[in-house]
Structure formats: structure tokens, C-alpha cells
1. For region 319-337, name all the residues that are part of a helix (DSSP H, G or I), of a type outside the set (A, V, I, L, M) and within 7 Å of ligand 1 (Cβ to nearest atom).
2. Could you list, in sequence order, all residues of region 298-331 that are among the hydroxyl-bearing types (S, T, Y) and either in contact with a Phe, Trp or Tyr (Cβ under 9 Å, 6 or more places away or on another chain) or away from ligand 2 (no atom under 16 Å from the Cβ) (or both)?
3. Which residue out of G58, G90 is surrounded by fewer than 24 Cβ atoms within 10 Å (Cβ to Cβ) and in a loop (DSSP other than H, G, I, E, B)?
4. Go through (1) β-branched (V, I, T); (2) closer than 18 Å to V235 by Cα; (3) within 16 Å of ligand 3 (Cβ to nearest atom) one by one and return the number of the condition V331 breaks.
5. Anything in region 2-26 that is among the acidic types (D, E) and over 11 Å from the mean Cα position of the chain (by Cα)? List them, or say none.
6. Of the numbered conditions (1) touching a strand residue (DSSP E or B) at 6+ places or on another chain (Cβ under 6 Å); (2) over 10 Å from A220 (Cβ atoms); (3) within 11 Å of ligand 1 (Cβ to nearest atom), K49 fails exactly one; give the number of that condition.
7. Return the only residue of F260, F275 being in contact (Cβ under 8 Å) with a residue 60 or more places away in the chain, under 18 Å from the mean Cα position of the chain (by Cα) and assigned to a loop (DSSP other than H, G, I, E, B).
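The values are calculated or read from the model by the stated rules, or taken from the named source; none is laboratory data. Since the structure is predicted, the reported quantities are computational estimates derived from the model, not experimental observations. Every residue, glycine among them, receives a Cβ derived from its backbone with ideal geometry; neighbour counts consider all protein chains shown.
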Amino acid sequence: MKVDVLLGLQWGDEGKGKVVDVLTPRYDAVARFQGGPNAGHTLEFEGKKYVLRSIPSGIFQHGQVNIIGNGVVLDPVLFQEEAQGLEKSGINLKEILKLSKKVHLIMPTHRLLDAANEKAKGGAKIGTTGKGIGPTYTDKVSRNGIRLGDVFHNFNEKYTNARNRHVAMLESMGETPEFAELEQRWLNAIEYIKGYEIVDSEHLINSMLREGKSILCEGAQGTLLDVDFGSYPFVTSSNTICAGACSGLGVAPNKIGEVFGIFKAYCTRVGSGPFPTELFDETGKRIRDLGHEYGAVTGRERRCGWIDLVALRYSIMINGVTQLIMMKSDVLDDFDEIKACVGYKINGEETRDFPFSIEEGIEPIYVTMPGWKTDMTQFKSESQFPKEFADYIKFLEAELETPITIVSIGPDREQTIERNK
Ligand code: GDP
Ligand code: IMO
Ligand code: MG
């Protein structure tokens, strides 16, 4: 069987958690392959709302195996908080969740380094989530990291060496790190994690595939935050793209089946960095208010703007997207007009290709369409779509050369419409 991948095509927060939950019943397992607690994936059903950070969004269905793959970075303290919260609400997590031995651990000092790096950048800061993501991946790539499997072998020595190295780095940056209390909580959390199944997840996943089982990979962040292809340096520190599922789980490229690319009917971004279609006017504010565009983890205001088809075409190309999923169309239900950026004007020249830099001098070229002015939140099938909305979908499919197979019309699991392919 194949592995399907669901990932964000914009700057994150597209609604990945909701759709992974909706699609989970079709799979035997759900796996996270990159990122860490910088993610905040929201799910709503039966009047309840959950925000998941490190734990995959496939835990609320029918006992599917949920896997935290080797490409993920894990903060034991935040993991413990999240897991205990879920156990309290009746999820038997220890039975369904498996963690890779190769997951890299986020240490308390990684978080301090994240904050110190941001401080040192001053006005040019990335606006990170402050969860220690960058420093942990840096240690991984520079071969200084600690992996979950290490907690069973000479752990104290490995931890102390890494911590002392971080302290020296912090002191050289003029910081006086204090983290004794957090360190104790972190060490206790390591003991807590030992109660979970810590496995060779690459073997587990490949043996499931040999048995004919199916796996859904859950991306975190979005393609425009990818460390190679995103708006560098204003990106996260992992490969958020489809290829990240191969390296982050040990899945060979020829095992990838469907690639679900998920996007909002408009666009948002949280943190610093360029955003060509950002709106600074009342319309942007209106989208933020109607879409409740505030970070699921940090509570930060999300920047809002019109959909950017230049960026989406690029994301579709990089990921080999086979099906598109459009989220939050209901947020635009009451707009008189909807705009979509179909090209960029750079130094007077028009282009449809995403350029090396989107930092400066980009003028979006917009197409304006009539709004549908209809509350769609209770709709059950696409036959109910007003003509203007059906036309908007047709327009997007033509521009993006990819079918939109699912449309989301509200945050609840039930507010999801599958289209006839
Ligand atoms: P993720 O990080 O990609 O999983 O997305 P987030 O959970 O950070 O942000 C998506 C937000 O939009 C959450 O608050 C969801 O509950 C909400 N949401 C998801 N789909 C829809 C939708 O179709 N309509 C509306 N109005 N809200 C949605
Ligand atoms: P989900 O999975 C939106 C952004 C941060 C910052 C940049 C780097 O919920 O879509 P980091 O802490 O990763 O070093 O921050 O990336 N960012 C996200 N933005 N959604 C996310 O995750 C994000 N994870 C990181 O705001 O600009
Ligand atoms: Mg999110």
C-alpha cells in the first residue's frame, strides 16, 4: 500500500489538523514527520475543541496507530502536558501512540537559545514560536543532538555535555541562563515518556506497508515555511514539503501515493517575513475577525491577505500535489468581492513564477470576482453551492491545474464537503 501525505501549501495554520481527523478513518495509521510543538493543530467535534502540538491528529477516531516519526523534534515537558490532558479526556494514548527512537529532543537550553538568537537579531527577528525548534534542528545537523533512544544509554553524560555546551553559548551571548526548575521538570518528563512505546518507526511503517496497510502523513507548518523552498530566512528549520515525509519517516519516494495540498480560501502568516498579498486595511482586519485568525499556540495575531496563486502554484509543483483541499471558505461568505493574486509585477515585468526573493518590490496582480453572499456553514453537499462560489472553485482549479476535492465550510468535523471527482 501507499503512503498519502497531507501538507500545508501556505504559511501554516491552513487547517491540517481538522482534515487529518476527517480522513483518518480511511487509514490504518497517521504519522507526523517533521516540526514539533511549534505546530498547533485544531480539531473540533461534538462540541469539543482540541489543540494538538506534537501528537498526531489521528488519535480521535477508531484506534489507528499514531506515530511520531524520526523527523520530529520533541519537547518532553510539552509532550507530557499534552498527553496527560488527552488521557484525562479519555484517550488511551499509551495504546495507540508510538514514538521513534530517532526523534531529537528539545532541551530547556534549546528554548533559551531560541530566545537569545531572536534577541540578537533585533529588528530582523524571525518571530519564532520560542519553542527551541531552530536550535534543536541545528544540533541535529551539526551532529550534537540527543535522540529519544539515547535516554536508555549513557543519558546523563550526553545530556550534561549538551547542556554545558549550550550554557557556554548562552554566556558568550551575554545571557545568564537560569533553568534549574525547568530542567527538573524536563528530567521528570523523560521518565514519563519511557512509559510509551519507543520504536524503530521506520521498520514499523515499512512492515505495515508490506502488510497492505495504509498510512496518512500529517505535515506541520507549510510549504512557504520550508527551510529550502520557503521565504528564507523567515522559515522554520525543517523540510515541511512532501520530501520531508520520506526523510522524516523512512518512507521511500516510490511509496508516496496521494499528496493532499491544503490551503485557505485567503492567506495568513504569523511571525515576520514577506507576504506579498498582505492587507493592512479594513478588509484584512475583517478576515482576521471572521476567521478568528489568532495563533493556536502563541495567541499571536495572524497577518491576513488575499489568496496568492503564484505561491500556491509553486507549492503544488514542489510537493507534487494530486488533490487540493480548500479551507475556511465560510470566512468569505459575506464579502461583496473576492480577490485572487494571479501574478506578480516585479520591476514593471509580469511573472507567474515564484521568484527567488519576495522581500521587496512585488506588486500583486489581482483578479476580482463577485462574492457569493450566502451562509454556507450548514451546507451538506456541493449541489447547494451558490453559482458564484462554484465559479470561484472552477477558477482556482483552472489556475492551479489541480482538482479541489474537499471544501471546508466551518471548524467542525461535520462542516466538510467532499466533491465528486
Ligand atoms: P493547522 O495548524 O493547519 O492544523 O491549523 P490551525 O488549527 O492552526 O488553524 C486553523 C483554524 O481554523 C482552527 O482554529 C480551526 O478550528 C479553524 N478552521 C478549520 N477549518 C475551518 C473552516 O473551514 N472554517 C472556519 N471558519 N474555521 C476553520
Ligand atoms: P502549524 O503546524 C504557522 C512560524 C513562526 C515563525 C517561523 C519560525 O500549526 O501550521 P519556529 O518556531 O518554527 O522556529 O518559527 O515559522 N511557524 C508557524 N506558523 N503555523 C505553524 O505551525 C508554525 N510553526 C512555525 O511563526 O514565523
Ligand atoms: Mg496551526
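1. Listed by number, the residues that qualify are S329, D330.
2. Of everything in region 298-331, those that are among the hydroxyl-bearing types (S, T, Y) and either in contact with a Phe, Trp or Tyr (Cβ under 9 Å, 6 or more places away or on another chain) or away from ligand 2 (no atom under 16 Å from the Cβ) (or both) turn out to be Y314, S315, T322, S329.
3. Sole residue among the options that is surrounded by fewer than 24 Cβ atoms within 10 Å (Cβ to Cβ) and in a loop (DSSP other than H, G, I, E, B): G90.
4. Every listed condition holds for V331 apart from (2).
5. Correct list: D4, D21.
6. K49 satisfies every listed condition except (1).
7. Answer to the check: F275.
The rows are residues; the columns are (1) among the aliphatic types (A, V, I, L, M); (2) within 15 Å of ligand 2 (Cβ to nearest atom); (3) crowded, with 22+ Cβ neighbours inside 10 Å; (4) at positive phi.
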residue	(1), (2), (3), (4)
P233	no, yes, no, no
S237	no, yes, yes, no
A245	yes, yes, yes, no
A252	yes, no, no, no
F260	no, yes, yes, no
A265	yes, no, yes, no
P274	no, yes, no, no
D281	no, no, no, no
